[in-house]
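Asker: Just dropping this structure here.
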Amino acid sequence: MSAAVGALLGAAVGCGMLLVLLAALAPRSTSVRRASVLARLLQRADVPRLSVPALLAGCVLAALIAGTLGLVATALPVAALLAAAMASLAPILLLRRRAALRQQALQAAWPDAVDTLVSAVRAGLSLPESLADLGRSGPPPLRPAFAAFAAEYRATGSFGDSLDLVQARLADPVADRVIAAFRLAREFGGSDLGVVLRTLSTMLRDDARTRGEIRGRQSWTVTAARLAVAAPWVTLVLLCTRGEAARAYASPAGALVIGLAAALSVFAYVAMTRIGRMPTDERMAA
């Protein structure tokens, strides 16, 4: 039975690697590539040097390493298979975490950036000049995007195209709304430009404060839920260090128990993340 499960594990890993290779080599249209969920994740996480095929290769490598370590630690093929499956998601989860932290940093930076714009407009600078100045004196999370805005605006003189570049680089729903306000302010602002920017700053600061309070109240609950999901699997690894426990779980009934426990753990974790997830804004079209 163990040999059959081991063969099944090897076949599953081989099929997974083959599917990943075929997906990486298959020609895809530009529209499909733009619509790729992983490509959007890489954009939101701001890792331009990492491609989708490289990310998939990292997932496969993580699965192989975790599967091997799980097999060595527990001597259970089913546990190794589950460890490989969970580890294959680790690079994607890390990217999602990085994207969430980046989005929080951007949300916290926008009110100060708009306040800087208000001061620059009061000093007599035009809106494009004020935005270009953010590349030097704005909040650090926003400086690279607005430095690119300044370079694009000097090269083309097109305010709309330069804002499109900023919007693409930030890839953030809040940035989309702020940039839409900049477009309207540029077109219709006139003498009310300062009022528009001050109102925008107040709205962004209130939104960031509210979201920060909600995150603070949720953090301990989410951490406790994650520990509750992880604790049984740590216990399983410790139990499998004893020969009699490892032999019990190596039986078909033991494999069934581990499989059911894994399904319940996944269901509980997904339910926890869905319940504790804050509403997110949809991105606006550039």
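Here, each number is a calculation from the coordinates, and none is a lab measurement. For clarity, every value in this text was computed on a predicted model and none was experimentally measured.
Asker: For Cα pairs less than 8 Å apart in space and 6+ apart in sequence, what is the mean separation divided by the residue count of segment 104-286, i.e. the relative contact order in percent?
Answerer: Taking the mean separation of contacting Cα pairs over the length of segment 104-286, I get 24 percent.
Asker: Which percent of Cα-Cα pairs in segment 80-138 sits in each 10 Å bin, short to long?
Answerer: In order of increasing distance, the bins hold 21, 28, 18, 15, 11, 6, 1 percent.
Asker: Short version: what are the Cα gyration tensor semi-axes of segment 35-74, square root of 5 times each eigenvalue, largest first, in whole Å? Walk me through the numbers before you get to the answer.
Answerer: Values: eigenvalues 156, 14, 13 Å².
Largest first, segment 35-74 gives 28, 8, 8 Å.
Asker: Give me the tail of P(r) for segment 104-286 as a percent: Cα-Cα pairs with distance above 26 Å.
Answerer: Of all Cα-Cα distances in segment 104-286, 50 percent exceed 26 Å.
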